[in-house]
Amino acid sequence: MMASRNISRFWEWGRKIICVGRNYAEHAKELKNAIPTEPVLFLKPPSAYVREGSPILVPLYSSNLHHEVELGVVIGKGGTAIPQSAAMEHVAGYALCLDMTARDIQDECKSKGLPWTLAKAFNTSCPVSDFIPKDLIPDPGKVKFWLKVNDQLRQSGCTSQMIFSVPYLISYISEFISLEEGDLILTGTPKGVSAVQEHDELQAGIEDVVTMNFKVERPEH
């Protein structure tokens, strides 16, 4: 057993990042995807985490890196087949997150019927804010959040626009993938995703709760 783990530093020891794709209808449409009738899931490894002060690195194999700003749900109590009615008891808090996506690689994988792993799971593909205690977000279905690139607003949304709610997602995911303390669920992104370039500055925030800043860089070969 590990020594008592600090949930407010979940990115140091949490074991998985479960991401929900196409959970906002307008974003599904902007990428010309059908609006899903059940959640679309994919995973990122914990090595995807990056914190403020370190850069987001464009993968060497991509020339079209997109930002996707999302509400992250931090699991505080594990479980399998969690009923929706009890789902919120398993939430420790939240984080504002970016799901950085190599869109050119994703499009290529989709066209070949291959998994999107290289497009979604690379190092620094999951920037996260400070941990947000649960009591600062009384209703995860009413969270307004935004993202700017070089001070220009690109994404602005509210979790009320989500197709599948946080309790539904926790219940659905835990039917197939047991949730563990420290896991992070990324709940999907609103419309407005677009490409970022080397040296771009990204700023994202949840109204009255948290902001974060990241710079985009190309790795040194």
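The values are calculated or read from the model by the stated rules, or taken from the named source; none is laboratory data. What you are looking at is a predicted structure, and each value in this text was computed from that prediction instead of being measured. With ideal geometry, Cβ positions are generated from the backbone for all residues, glycine too; neighbour counts draw on all protein chains shown. For accessibility, only protein heavy atoms count, side chains too; no ligands or nucleic acids. Shrake-Rupley method; radii C 1.70, N 1.55, O 1.52, S 1.80 Å.
Multiplying the sequence separation of residue 112 and residue 89 by 0.36 nm and subtracting their Cα-Cα distance, what value in nm do you get? Show your work: numbers first, answer last.
Details: separation 23, 0.36 × 23 = 8.28 nm, distance 4.06 nm.
The span from residue 112 to residue 89 would gain 4.2 nm if fully extended.
Taking Cα atoms, how many degrees apart are the long axis of helix 166-176 and the longest axis of the chain, rounded to 10 and kept between 0 and 90?
The angle comes out near 90 degrees.
Taking the Cα centre of region 1-151 as the origin and placing charges on Cβ (Lys, Arg +1; Asp, Glu -1), which of 53, 113, 27 is farthest toward the positive end of the dipole?
113
Only Cα pairs within less than 10 Å get springs; with that Gaussian network setup on the chain, which residue of 34, 87, 48 has the largest fluctuation?
Fluctuation is largest for 34.
If I take all pairs of Cα atoms in the chain, what percentage of them are more than 25 Å from each other? Let's see the in-between values first.
Details: 8184 of 24310 pairs.
Percent of Cα pairs beyond 25 Å in the chain: 34.
Report in % the part of the accessible area of the chain that belongs to carbon and sulfur, leaving out ligands and nucleic acids; probe 1.4 Å. Numbers along the way, then the final one.
Numbers: 5130 of 10240 Å².
Accessible surface attributable to carbon and sulfur in the chain totals 50 percent.
For Cα pairs less than 8 Å apart in space and 6+ apart in sequence, what is the mean separation divided by the residue count of the chain, i.e. the relative contact order in percent? Don't skip to the answer; put the middle values down first.
Values: 528 pairs, mean separation 70.6, N = 221.
Once divided by the residue count of the chain, the mean separation gives 32 percent.
For a label point 7 angstrom out from the Cα of residue 134 toward its Cβ, which stretches of region 76-120 have the backbone nitrogen within less than 20 Å?
Backbone N within reach: 76-97.
Measuring from label point to label point, each 7 Å out along Cα→Cβ, what is the residue 16 to residue 168 span in nm?
Using points 7 Å along Cα→Cβ, the separation is 2.2 nm.
Too long at a 23 Å Cα-Cα cut-off: which of 77/134; 32/215; 110/215; 16/144; 112/191; 110/144?
Values: 77/134 13 Å; 32/215 29 Å; 110/215 28 Å; 16/144 25 Å; 112/191 25 Å; 110/144 31 Å.
Distance filter (> 23 Å) returns 32/215; 110/215; 16/144; 112/191; 110/144.
Helix 103-112 versus the longest principal axis of the chain: what angle, 0 to 90°, nearest 10, using Cα atoms?
80
Residues of region 17-217: accessible area per residue at 1.4 Å, in Å²? Kindly include the intermediate steps, with their values, before the conclusion.
On the way: 8470 Å² over 201 residues.
I get 42 Å² per residue for region 17-217.
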